[in-house]
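K.L.:
To start, I am sharing the structure in question, which I have written as structure tokens.
The values are calculated or read from the model by the stated rules, or taken from the named source; none is laboratory data. What you see is a predicted model, and the numbers here were worked out from it, not measured in a lab. Cβ: placed from backbone, ideal geometry, glycine included. Neighbour counts: every protein chain shown. For accessibility, only protein heavy atoms count, side chains too; no ligands or nucleic acids. Shrake-Rupley method; radii C 1.70, N 1.55, O 1.52, S 1.80 Å.
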Amino acid sequence: MNIVYVGQLNYGGTCLQRMNTLQNMGHKVTGINVLNPKDTSIIARIFNKLKHPIDFNKVNHQITENTKKQKFDLLWIDKGLLIRPETLKEVKRVCPQTKIITFSPDDMLNPGNQSGYYLKCIPLYDYHITTKSYNVPELKELAAKNVIFTDKSFDPDFHKKMSLSADELKKYGCNVGFIGQFEKERFQSMLFLAKNGVKVTVRGTSWEKYINIHPNMVVKPGFILGEEYAKVINATKINLCFLRKVNRDLQTARSIEIPACGAFMLGERTNEHL
């Protein structure tokens, strides 16, 4: 198939891993990256709050230009917060045979994962693919067509059992560890462990102000991506798998990635985890 793939194509991200998988399957894939350094600017944050994010990379224009240049079978849009309804209508006008798919790893009924553009586009997609089972009936109520639930997945190029060197074990190793963004419930659980004699190593974003919160809670803020992410999992004796409450998670990427690395996972009990 000839595919145009739109999403956050950063190294180590699951969006790029999905696109690479489609390429490895033998499909011709044209990637359009929605990420831009200006996304963190004050003006960008204001427009995000207003649910009308700025299309710094002119993604909508890139999609329509690709439509003019070539006939493609599939337009794959990862979490299309920037995509305008007029863009999807133009694709269908020029290439009526093109199937338009939206995929999201997040709870798209969570207002924090929505935009005004996304909500207007819901009826225009041919398929909605979601990793949130509860989103299936909810999206259908919003006039979504052909909603498909799929479990989380892993990338065998990254998420695998590794033989680590002594230096890597020293750098990444710990008895109990967690990789992920700050969330209040996660913090409270790990602080409870720390106060009860369990040393926990926390890696991820938005943890900076908790660096010295407790001697048994070792905080190493920052992004952990790609191969380094898998090395940390392999070097950790017990990997904690918290679920994101704001997303109503029943499973998360770590639910699959940790076992794929052959590592020990201690996760929250849900029907989907079981």
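K.L.:
List the residue pairs whose Cβ atoms are under 8 Å apart, where the first residue sits in the stretch 44-67 and is under 12 Å from ILE32 (Cα atoms) and at pLDDT 90 or above, the second is aromatic (Phe, Trp, Tyr) and surrounded by 15 or more Cβ atoms within 10 Å (Cβ to Cβ), and the two are 6 or more positions apart or on different chains.
P.N.:
Within 8 Å, the pairs are ASN66/PHE72.
K.L.:
Please determine, by comparing only the residues of the stretch 188-214 that are among the aromatic types (Phe, Trp, Tyr) and more than 27 Å from PHE158 (Cα to Cα), which one is least open to solvent (accessible area, probe 1.4 Å).
P.N.:
Result: TYR210.
K.L.:
Now a separate question. Taking the criterion of being more than 26 Å from SER153 (Cβ to Cβ), of a type outside the set (Asp, Glu) and touching an Asp or Glu at 6+ places or on another chain (Cβ under 7 Å), would at least one residue in the stretch 248-258 satisfy it?
P.N.:
For the stretch 248-258, residues more than 26 Å from SER153 (Cβ to Cβ), of a type outside the set (Asp, Glu) and touching an Asp or Glu at 6+ places or on another chain (Cβ under 7 Å): absent.
K.L.:
Another one. Of the conditions (1) open to solvent by less than 60 Å² (accessible area, probe 1.4 Å); (2) under 22 Å from GLN17 (Cα atoms); (3) of a type outside the set (Ser, Thr, Tyr); (4) in contact with a strand residue (DSSP E or B) (Cβ under 9 Å, 6 or more places away or on another chain), MET217 satisfies every one except a single condition; which number is it?
P.N.:
So MET217 meets the others, but not (2).
K.L.:
With the condition kept exactly as written, say whether any residue in the stretch 205-228 is within 18 Å of GLY13 (Cα to Cα) and among the aliphatic types (A, V, I, L, M).
P.N.:
Scanning the stretch 205-228, I find at least one residue that is within 18 Å of GLY13 (Cα to Cα) and among the aliphatic types (A, V, I, L, M), so the answer is yes.
K.L.:
Kindly provide the set of residues from the stretch 182-215 that are under 14 Å from LEU240 (Cβ atoms) and either without any contact (Cβ under 8 Å) to a residue 24 or more places away in the chain or in a helix (DSSP H, G or I) (or both), ordered by number.
P.N.:
GLU185, ARG186, PHE187, GLN188, SER189, MET190, LEU191, PHE192, LEU193, ALA194, VAL198
K.L.:
Taking the stretch 40-64 as the region of interest, how many residues are open to solvent by 50 Å² or more (accessible area, probe 1.4 Å) and not hydrophobic (A, V, I, L, M, F, W, C)?
P.N.:
Residues that pass the stated criteria total 9.
K.L.:
Still on this model: Spot the failing condition for PHE223; the list is (1) modelled with pLDDT under 95; (2) open to solvent by less than 70 Å² (accessible area, probe 1.4 Å), and only one is missed.
P.N.:
Result: PHE223 fails condition (2) only.
K.L.:
Now a separate question. So how many residues does the stretch 231-274 have that are in contact with a Lys or Arg (Cβ under 7 Å, 6 or more places away or on another chain) and within 21 Å of LYS171 (Cβ to Cβ)?
P.N.:
5
K.L.:
Right, something else. How many residues, within the stretch 226-269, are at positive phi and open to solvent by less than 20 Å² (accessible area, probe 1.4 Å)?
P.N.:
So the answer is 1.
K.L.:
Then there's this: Which one of these does LEU142 not meet: (1) in contact with a Pro (Cβ under 9 Å, 6 or more places away or on another chain); (2) under 23 Å from MET25 (Cβ atoms)?
P.N.:
(2)
K.L.:
Moving on. For the stretch 95-118, name all the residues that are of a type in the set (A, V, I, L, M, F, W, C) and in contact (Cβ under 8 Å) with a residue 60 or more places away in the chain.
P.N.:
PHE103
K.L.:
So the check is Cβ under 7 Å with 6+ separation or different chains; which pairs have a first residue in the stretch 1-28 that's farther than 18 Å from PHE154 by Cβ and a second one that's basic (Lys, Arg) and exposed (fewer than 14 other Cβ atoms within 10 Å of the Cβ)?
P.N.:
Sorted first by the residue in the stretch 1-28, then by its partner, the pairs are ASN2/LYS28; ILE3/LYS28.
K.L.:
Mind counting the residues in the stretch 14-39 that are modelled with pLDDT under 95, surrounded by fewer than 17 Cβ atoms within 10 Å (Cβ to Cβ) and either in contact with a helix residue (DSSP H, G or I) (Cβ under 9 Å, 6 or more places away or on another chain) or assigned to a loop (DSSP other than H, G, I, E, B) (or both)?
P.N.:
Selection size over the stretch 14-39: 4.
K.L.:
Among what's in the stretch 143-167 and is closer than 17 Å to GLU227 by Cα and acidic (Asp, Glu), pick the residue that is surrounded by the fewest Cβ atoms within 10 Å (Cβ to Cβ).
P.N.:
Out of the qualifying residues, it is ASP167.
K.L.:
Separate question: Hey, could you check the stretch 98-114 for residues that are within 23 Å of ARG18 (Cα to Cα) and out of contact with any helix residue (DSSP H, G or I) (no Cβ under 8 Å at 6 or more places or on another chain) and say which is most open to solvent (accessible area, probe 1.4 Å)?
P.N.:
Once the filter is applied, the top-ranked residue is LYS99.
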